[in-house]
Amino acid sequence: MKKYIAECIGTFVLTFLGCGAAVSLGCAEANTAAVVGTAIAFGLAVVAMAYTIGGVSGCHINPAITLGCLVTGRISCKDSIGYIVGQVIGAIIAGAALAAIYGAETGIGTNGIGAGCNGCWCIALTVEIILTALFVLVVLGATHKTNGATGNFAGLAIGLSLILIHLVGIHFTGTSVNPARSIGPAIFAGGEALQNVWIFIVGPFVGALVAAILWKLVETKE
């Protein structure tokens, strides 16, 4: 149970700090400084949690990562369900806190079909699939047991990769690559954010499956 609670706490921190930074900085495509700041906030939140709860749960704090670990045999089906439930609960609590502090009308860091998609949900879905596949692939590789001493820096590698992914994805979708992080704020923002949340559930899960397949192709036992 401690693992599930750790995932809940970690996902709360990621969602609250990442989405909170997006609102506080006024993240918009035309505001380059805010985009960079938001990307860094999400990445640093992951790094902080990796070294806080990594020893307890492995610090997935993302259902897509949990799915990738399930497919590659790193986690049991029972634990994967507990992880995802904990992650979604943590994100919902964060969404409630963000709505209370900033007001739901601010959007509280929700994902959507951005200007880069030209109004096309297919582009948004494709972007989420590709970016999640890259992110989960980094996670699977950085945390693999064959990495030896370099595994100590897995949290840093994962956090930095998330910064890069946000720098690319914010223009298109606001960057999710994490179903829980999208669900939490969308519930309280409602409207279009809630209508489009399926993109940020399906896309990351498909991307996670792609990453698991790619990792299986290059994985070594020694």
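The values are calculated or read from the model by the stated rules, or taken from the named source; none is laboratory data. This structure is a prediction, so every number in the text was calculated from the model and none was measured. All Cβ positions, even for glycine, are placed from backbone atoms using ideal geometry, and neighbour counts span all protein chains on display.
The residues on offer are Ile163, Ile101, and the sole one that is touching a residue at least 60 places away in the same chain (Cβ under 8 Å), surrounded by fewer than 18 Cβ atoms within 10 Å (Cβ to Cβ) and of a type outside the set (Ser, Thr, Tyr) is Ile101.
The test for being under 14 Å from Gly169 (Cβ atoms), at pLDDT below 95 and surrounded by fewer than 18 Cβ atoms within 10 Å (Cβ to Cβ) holds for Ala115.
Under the condition of being within 17 Å of Ser161 (Cα to Cα) and not polar (S, T, N, Q), the residues counted in region 27-53 number 16. Residues that are crowded, with 19+ Cβ neighbours inside 10 Å and not β-branched (Val, Ile, Thr) were ranked within region 118-133; the one that is nearest to Pro179 (Cα to Cα) is Glu128. Taking region 156-222 and the helices (runs of 4 or more DSSP H) fully enclosed by it, the elements with 3 or more residues that are in contact with a helix residue (DSSP H, G or I) (Cβ under 8 Å, 6 or more places away or on another chain) and either among the hydroxyl-bearing types (Ser, Thr, Tyr) or closer than 24 Å to Gly82 by Cβ (or both) are at 179-189, 199-218. Could you tell me whether any residue of region 58-67 is surrounded by fewer than 17 Cβ atoms within 10 Å (Cβ to Cβ), in a helix (DSSP H, G or I) and in contact (Cβ under 8 Å) with a residue 12 or more places away in the chain? No, the conditions are met nowhere in region 58-67.
Val139 - would you say it is within 22 Å of Val46 (Cα to Cα), in contact with a Ser or Thr (Cβ under 9 Å, 6 or more places away or on another chain) and either surrounded by fewer than 24 Cβ atoms within 10 Å (Cβ to Cβ) or at pLDDT 95 or above (or both)? For Val139, the condition - within 22 Å of Val46 (Cα to Cα), in contact with a Ser or Thr (Cβ under 9 Å, 6 or more places away or on another chain) and either surrounded by fewer than 24 Cβ atoms within 10 Å (Cβ to Cβ) or at pLDDT 95 or above (or both) - is met.
When each of Asn178, Asn152 is tested for being within 23 Å of Ile40 (Cβ to Cβ), crowded, with 20+ Cβ neighbours inside 10 Å and of a type in the set (S, T, N, Q), the lone residue that passes is Asn178. Considering region 7-30, and only residues there that are surrounded by fewer than 19 Cβ atoms within 10 Å (Cβ to Cβ) and small (Gly, Ala, Ser), the residue that is modelled with the highest pLDDT turns out to be Ser24.
When the residues of region 188-222 are filtered to those that are under 18 Å from the mean Cα position of the chain (by Cα) and without any contact (Cβ under 8 Å) to a residue 24 or more places away in the chain, the one that is surrounded by the fewest Cβ atoms within 10 Å (Cβ to Cβ) is Trp198. Pick from Tyr51, Tyr4: which is modelled with pLDDT of 95 or more and of a type in the set (Ser, Thr, Tyr)? Only one candidate passes the filter, namely Tyr4. I'd like to know if region 74-96 contains one or more residues that are in contact (Cβ under 8 Å) with a residue 40 or more places away in the chain, touching a Leu at 6+ places or on another chain (Cβ under 9 Å) and over 29 Å from Met1 (Cβ atoms). Looking for residues that are in contact (Cβ under 8 Å) with a residue 40 or more places away in the chain, touching a Leu at 6+ places or on another chain (Cβ under 9 Å) and over 29 Å from Met1 (Cβ atoms), one finds none in region 74-96, hence no.
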